[in-house]
Amino acid sequence: IRSHDKIAGDLRDASFYQEASSRMVYRFKEPASPHYASALEGVVIEDAPIVAAFKELSQDNDCVLVEGAGGLMVPYREDTLLIDLVKKIEVPAILVAENKLGCINHTLLSVEALKSRGIQCLALVLNDRHPEQDASIKDENKRIIQALVGGIPLYTQADIVE
């Protein structure tokens with residue numbers, strides 16, 4: 001990720017996020033699973049506008065980051081999971097997991113789910129939102145995940161934010 005200085009610089013720039021949020025196809029008030037948050041507002045999340053927005057952005061940009069809400073196995077409709085949409089728009093994944101208790105299980109299950117659907121995982125990122133947690137635990141999480149994921153590059157927040 002360090003070799004992509006332009007992208008890394010953009011990711012640290014607040015205006016990048018302001019522009020990105022203005023291009024959201026769906027945005028809901030309630031911080032809940034997309035299937036529920038949309039139901040509360042009487043909206044049915046449809047694939048077509050998402051796919052169209054992705055195609056439009058792909059024409060004008062070398063790289064398009066698509067962020068899901070809640071994780072790969074979260075429903076965005078009663079009958080469809082976010083991972084199904086990832087498969088439909090044919091994008092590889094960069095899996096982000098919080099580096100805390102449970103991240104080994106979460107990361108390995110998510111990698112397996114991606115593999116089972118034929119979705120490439122480009123990289124793993126362990127996010128550190130718990131600075132109070134013992135560094136040796138975080139280091140061991142990284143070590144064992146790296147050993148078990150079969151060559152998928154793994155980064156920590158420190159690798160990305162300099």
Would you mind telling me which residue in Asp62, Asp84, Asp47 has the biggest mean-square fluctuation in a Gaussian network model of the chain, where springs connect alpha carbons within a distance under 10 angstrom? Asp62
Quickly work out the Glu90-to-Ala32 label distance, labels modelled 7 Å from Cα along the C-beta direction, and quote it in nm with one decimal. 3.6
Which percent of Cα pairs goes in each bin when the distances of the chain are cut into 10 angstrom slices starting at zero? 9, 33, 38, 18, 1
For the chain, the count of lysine pairs 8 or more apart or interchain whose alpha-carbon atoms are under 19 Å apart comes to 6
In 10 Å bins starting at zero, report the fraction of Cα pairs in region 76-153 per bin as a rounded %. 17, 47, 27, 9, 0
Rounded to the nearest Å, what's the spacing between the alpha carbon centres of region 20-72 and region 76-134? Just the number, please. 17
When the chain is modelled as a GNM with alpha-carbon springs shorter than 10 Å, which of Leu124, Leu72, Leu109 fluctuates the most? Leu109
Highest GNM mean-square fluctuation, the chain, Cα pairs closer than 10 Å: which of Leu95, Leu82, Leu57? Leu57
FRET efficiency estimate (nearest 0.05) - Cβ-Cβ, Asp60 to His106, R0 41 angstrom: 0.75
Using modelled amide H (1.01 Å from N, peptide plane; none on Pro or chain starts), what sits under 5 Å from the amide H of Ala93, excluding residues fewer than 5 places away? Gln120, Cys121, Leu122
Binned at 10 Å from 0, what are the whole-percent values of the Cα-Cα distance distribution for region 16-106, short to long? 14, 45, 34, 7, 0
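We did not get these values from a lab; they are worked out from the coordinates using the rules stated. Keep in mind it's a predicted model, so treat the numbers as computed, not measured. In this analysis, Cβ positions are derived from the backbone assuming ideal geometry, glycine residues included, and neighbour counts consider all displayed protein chains.
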